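**Student:** The structure that follows is given in the form of structure tokens.
Every number in this text was worked out from the coordinates using simple rules, so none of it is lab data. These numbers were taken from a predicted model, which means no experiment stands behind them. Reconstructed Cβ throughout: ideal geometry from the backbone, glycine too, with neighbour counts over all protein chains shown.
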Amino acid sequence: MRAQLGDQLVVESPATGATRRDGEIVGLHHSDGTPPYDVRWSDTDEVTLVFPGPDAHVHHIEHQRAAGEQAGAVSGTTPPRRVPNPGDVGRRIAAERERQGLTRAETARRAGMAPDYLTYLEERPADPSVAALIKLADALGTSVAALRGGGIDLPPGQGRALLHPRLRDLGPDECRARLSTHGVGRVAVSTPDGPAVIPVNYEVVDDAIAFRTAPGSAPAAAVGSEVAFEVDHVDEAMSQGWSVLVVGPARVVTEPDEVRRLADRAHTTPWAGSGREMWVSIRPTRITGRRISPAGQ
């Protein structure tokens, strides 16, 4: 027995030959299409791991597609094509994979699954099994909760502290590596209403931190003063993480060539929306960082 994603698994009664149960094959565990399969049953909409018995057979989607195309040719109409519509889980998997610069083939190899199955997860509104999510989370160095979007409205770090934590300082090169080329960080400024810490999309260009904002906004108050800029990451599943702090003077970028260069090298527009075209640059005079990890690491 061989199948591909989207095929229908039909289980028939040995006595009557009537369909007892059917479902869509949404997960392959072998690249050659042999069992077992992850099947979403039509009667319960649940996904279970199935080892088909002698009373089961596969109805291939090619047969359905060919019949539809023939019907379209006779009637003179073109059968509608299904447009990929990835769900939240698929988008999170794809985003994390691309953030780490991994191909689908490499990610599938790490997760021990067929590349076609990973393609299916990323491009269709799939509901992968818990086992598949655990494999993908491990392959991507994240958690099942993160792939599902759990805790998105809660602050990070609600897990228990490590039994034997190790807190160590990061060197300048380690700090710069964690800053990466871009991301979301927090700038601390003094405003007429008091101190404020604001998240901003930032770029690292020529060792300087640059972000876009609007004149008169709270982040714009950084201009002309020494400010602090912080980025961090928390691994909820492992109760570990790191933080990097940059301190230095902030200035507004006005030279047209420099503004153009920053805009050309920007990885994204500000998440907060349009109208933020004023570039602010922070030149580090001090950069420090710390990492919390298990004592053995």
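**Student:** For a Förster distance of 35 Å, can you work out the FRET efficiency between the beta-carbons of residue 290 and residue 49, rounded to the nearest 0.05?
**Tutor:** After rounding to 0.05, the efficiency reads 0.25.
**Student:** I've got another one for you. Using 0.36 nm per residue, how much length does the chain from residue 190 to residue 283 gain when fully extended, once their Cα-Cα distance is taken away?
**Tutor:** Contour length minus the Cα-Cα distance gives 31.7 nm.
**Student:** Using a 10 angstrom cutoff on alpha carbons, build the Gaussian network for the chain and name the most mobile of 194, 23, 141.
**Tutor:** 194
**Student:** Another one. For n ≥ 4 DSSP H runs only, could you compute -39500 (n - 2.57) per run for the chain, divide by its residues and tell me the 222 nm figure to the nearest 500?
**Tutor:** After summing the helix terms and dividing by residue count, I get -7500 deg cm²/dmol.
**Student:** Would you give the gap between the C-alpha center of segment 208-267 and the C-alpha center of segment 19-56, rounded to a whole Å?
**Tutor:** About 50 Å separates the Cα centre of segment 208-267 from the one of segment 19-56.
**Student:** Please build a GNM for the chain, connecting alpha carbons under 10 Å apart, and tell me which residue among 113, 278, 238 fluctuates the most.
**Tutor:** 278
**Student:** Counting other C-beta atoms within 10 Å, and keeping those with at most 14, which DSSP coil trypsin sites (Lys or Arg not before Pro) do you find in segment 1-56?
**Tutor:** When the trypsin sites (Lys or Arg not before Pro) of segment 1-56 are filtered for loop state and at most 14 Cβ neighbours within 10 Å, 2 remain.
**Student:** Picking from 125, 156, 192, which is most flexible by a Gaussian network model of the chain using Cα springs under 10 Å?
**Tutor:** 192
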